[in-house]
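First comes the structure, then the notes that go with it.
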Amino acid sequence: MNIKEKMHSGELYYPNDEQLMKEQLGYLDKLYDFNMTRPTELEKRQEMLKDMFAEIGEDCYIEPPLRTNFGGKHVHFGRNVYANFNLTLVDDTHIYVGDYTMFGPNVTVATAGHPIAPESREKGYQYNFPVHIGKNCWIGAGAVIVPGITIGDNVVIGAGSVVTKDIPSGVVAVGNPCRILREINEHDRVYYFKDRKFPLELQP
């Protein structure tokens, strides 16, 4: 098994491979250029993201700065994905994000990990597991999603949460470690914030 196969298989590997690092620097150069764009250069940003990401759907918006390990090379976004400032995608292997999902500022999605055994870390070993985030999710500001996690559709992850276990569809989940708070229900279709009701014409 070569190093690229190990990267995407969950096997331990040593990431300081000369050829891999050379490729990675090329991807990071593209990321640097994206982060240097002006706010008015929206079309340019769209074209750059199509070149950088493994897949990206129509009408996605990513607010620079964006941080990624491989410049988005292993990132798959659906349509209408929105990301606020400082989205960090540790994309040493694949990250999948469904249509209409939103990221608050300072969210981290990580696929890479290191052994707990200190002797193995000292030798620089790493492993990667993909992350799957469903459609129409809202990942709150400062949330952290660790390797191997799957989040279902229509999920709200509270700000500052650390997601260490899979989250099913249709729930609000919060905390460190992140736990299911409740299911999304009819109350959420009447009230949009505390005691604030949706206007009738805007009710879901």
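For this structure, a couple of remarks:
- For residue 179, distant residues with modelled amide H under 5 Å away: 174
- Exceedance of the 26 Å cut-off in Cα-Cα distance is limited, within the set 4/50; 50/123; 4/30; 50/135, to 50/123.
- Those residues of the stretch 37-62 whose amide nitrogen sits under 18 Å from the label point placed on residue 198, 7 Å along Cα→Cβ: none
- Share of Cα-Cα pairs in the chain lying beyond 23 Å, as whole percent: 48 percent
- Percent accessible area from carbon and sulfur atoms, the stretch 117-181, protein chains only, probe 1.4 Å: 56 percent
- The chain: most fluctuating residue of 91, 29, 188 per GNM, C-alpha cutoff 10 Å: 188
- Here the stretch 34-82 exposes an accessible surface that is 46 percent carbon and sulfur, computed with a 1.4 Å probe and the other protein chains kept in place.
- Distant-in-sequence amide contacts of residue 167, defined by a placed amide H-H separation under 5 Å and a gap of 5 or more residues or a different chain, comprise 150, 151, 152.
- Amide H contacts under 5 Å for residue 184, placed H, 5+ residues apart: 171, 172
- The 3J(HN,Hα) values that the Karplus relation (6.51, -1.76, 1.60; θ = phi - 60°) gives for the stretch 178-188 are, in residue order, 5, 10, 5, 8, 5, 7, 6, 9, 5, 4, 5 Hz. Gly and Pro appear as x.
- Cα long-axis angle, helix 42-52 against the chain (0 to 90 degrees, to the nearest 10): 50 degrees
- Backbone HN-Hα couplings from phi across the stretch 123-138 [Karplus 6.51/-1.76/1.60, Hz, Gly and Pro as x]: 7, x, 5, 9, 9, 9, 9, x, 10, 10, 10, x, 7, 6, 9, 10
- Contour excess over end-to-end distance, with Cα ends at residue 67 and residue 176 and 0.36 nm allotted per residue: 36.9 nm
- Axis angle, to the nearest 10 degrees, between helix 18-35 and the longest C-alpha principal axis of the chain: 40 degrees.
- Largest GNM mean-square fluctuation across 119, 55, 183, computed for the chain with C-alpha springs under 10 Å, falls on 119.
- Between residue 191 and residue 51, the contour length at 0.36 nm per residue exceeds the Cα-Cα span by 46.3 nm.
- Accessible area expressed per residue, the chain, with surrounding protein chains retained (probe 1.4 Å, Å²): 57 Å²
- Part-to-part distance (alpha-carbon centres) for the stretch 150-204 and the stretch 8-77, which is given in Å: 29 Å
The values are calculated or read from the model by the stated rules, or taken from the named source; none is laboratory data. No experiment lies behind these values; they were computed from the predicted model shown. Don't worry about glycine lacking a Cβ; one is built from the backbone with ideal geometry, like all the others, and counts go over all protein chains shown. Surface areas here come from the heavy atoms of the whole protein model, side chains and all, with no ligands, DNA or RNA. Shrake-Rupley method; radii C 1.70, N 1.55, O 1.52, S 1.80 Å.
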